[in-house]
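The values are calculated or read from the model by the stated rules, or taken from the named source; none is laboratory data. This one's a predicted model, so the numbers in the text were calculated from it and none came from an experiment. Here Cβ is always computed from backbone atoms with ideal geometry, including for glycine, and neighbour counts include all displayed protein chains.
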Amino acid sequence: MTFILAEDAALKTWLGGITVSDEKGGNARAVQVWYGTPDVELRDQKFPFITIDLMDIRIASERQHSGVIYDSDRHGTAAISGNIVYSYEYPATYDLVYQVSTYARHPRHDRALMYEIMQKKFPNRYGKLGVRNPLDTETAYRHMFLDEFLKRDGVEDGRRLLRNIFIVRVVSELPHYDGAAMTKKVAAVQINPTTTNIPSDKLAI
């Protein structure tokens, strides 16, 4: 996957697997996770559930590095070859800001969702997100921060709607693939220990 799409998928996976139950000790209910907008997923609105919306993309100049990277797989986008090296500039740094919203009808479900996200998914307002590279061969772990929490309960169609909003910031980067250069690996480096009578096509080291 590529920039943003990979983070979207990783965040949805990370928020998955939450279950809630009521005070009667009934069967645990799985909490579904959906993308909010654009809404292209067909689904039944069964409470409780979680939605994910990308709110903002911020340039993170304070994390930007300058220079050239050399590797064998072009930042995980090309298959490794035994004698090929790629060179490209350091990726551009960005912060992706998401709104994670939880929806519930039952107060106990609402509290359980708050606990799961604030204590397990983002302990101490911090988390890490495993993002797979385009070749699906490696996982890069990105920092995540829970920057804000908002309680927005209300009434919808005459029924109580318990809603929580979590503002989540994911550290990301956009590689400069267009500037990637492919060169052959250096097979050997020959050093001439002689310091006198050096041939004109050789260098003194």
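For the stretch 105-114, a residue qualifies if it is surrounded by fewer than 16 Cβ atoms within 10 Å (Cβ to Cβ) and either acidic (D, E) or within 21 Å of Y35 (Cα to Cα) (or both), and exactly one does: R105.
In the stretch 84-94 there is no residue that is at pLDDT 95 or above, of a type in the set (V, I, T) and over 20 Å from R132 (Cα atoms). Across the stretch 61-104, the qualifying residues are those that are closer than 30 Å to V168 by Cα and small (G, A, S), and the one among them that is surrounded by the most Cβ atoms within 10 Å (Cβ to Cβ) is A104.
Of the residues making up the stretch 43-60, those that are surrounded by 13 or more Cβ atoms within 10 Å (Cβ to Cβ) and part of a loop (DSSP other than H, G, I, E, B) number 3. Of all residues in the stretch 70-123, those that are part of a helix (DSSP H, G or I) and not aliphatic (A, V, I, L, M) total 11. Would you mind finding the one in I4, I57, I52 that is farther than 21 Å from R108 by Cβ and modelled with pLDDT under 95? None of the other options fit; the residue is I4.
Note on the stretch 137-192: among residues that are of a type in the set (S, T, N, Q) and modelled with pLDDT under 90, the one that is surrounded by the fewest Cβ atoms within 10 Å (Cβ to Cβ) is Q190.
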